[in-house]
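Here's the structure we're looking at; comments come further down.
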């Protein structure tokens, strides 16, 4: 690998708008997986903003974002499905209340 790169590659830092687009993509992937169970997932703009702020690290960029979505959305939602509080045909709306995400 040594002496194989002969061009300079410039990477720009991700801006807040790019982070929000990544949140949309990752949440969209989760929503498509939930469609198999006929469960709809909807996030408010505040929830997306919350995830963008929680999942962005100035050093690592958007790398922690997928893990943040798993920890704050996917895992609690899986518990609700297993408990039976979220069932086939439900619409799950995620919002922010008192500084944390809530499922409605």
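Miscellaneous remarks
A quick yes/no check of all residues on (1) modelled with pLDDT under 95; (2) in contact with a helix residue (DSSP H, G or I) (Cβ under 7 Å, 6 or more places away or on another chain):
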site: 3; (1), (2): yes, no
site: 19; (1), (2): yes, yes
site: 46; (1), (2): no, no
site: 55; (1), (2): yes, yes
site: 63; (1), (2): yes, no
site: 75; (1), (2): no, no
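- Residues in segment 5-17 that are in a loop (DSSP other than H, G, I, E, B) and at pLDDT 75 or above were compared, and the one that is farthest from the chain's Cα centre (by Cα) is 7.
- Looking across segment 59-77 at every residue that is free of Cβ contacts under 8 Å to residues at least 12 places away in the same chain and more than 14 Å from residue 92 (Cβ to Cβ), the one that is surrounded by the fewest Cβ atoms within 10 Å (Cβ to Cβ) is identified as 59.
- Selection over segment 86-104 of residues that are exposed (fewer than 12 other Cβ atoms within 10 Å of the Cβ) and in a loop (DSSP other than H, G, I, E, B) gives a count of 6.
- Within segment 27-48, restricting attention to residues that are over 10 Å from the mean Cα position of the chain (by Cα) and part of a helix (DSSP H, G or I), the residue that is surrounded by the most Cβ atoms within 10 Å (Cβ to Cβ) is 34.
- The lone criterion from (1) within 23 Å of residue 17 (Cβ to Cβ); (2) modelled with pLDDT of 95 or more; (3) under 12 Å from the mean Cα position of the chain (by Cα) left unmet by residue 95 is number (3).
The values are calculated or read from the model by the stated rules, or taken from the named source; none is laboratory data. Keep in mind the model is a prediction, meaning the values are calculated, not measured. Ideal geometry is used to build each Cβ from the backbone, glycine not excepted, and the neighbour counts take in all protein chains shown.
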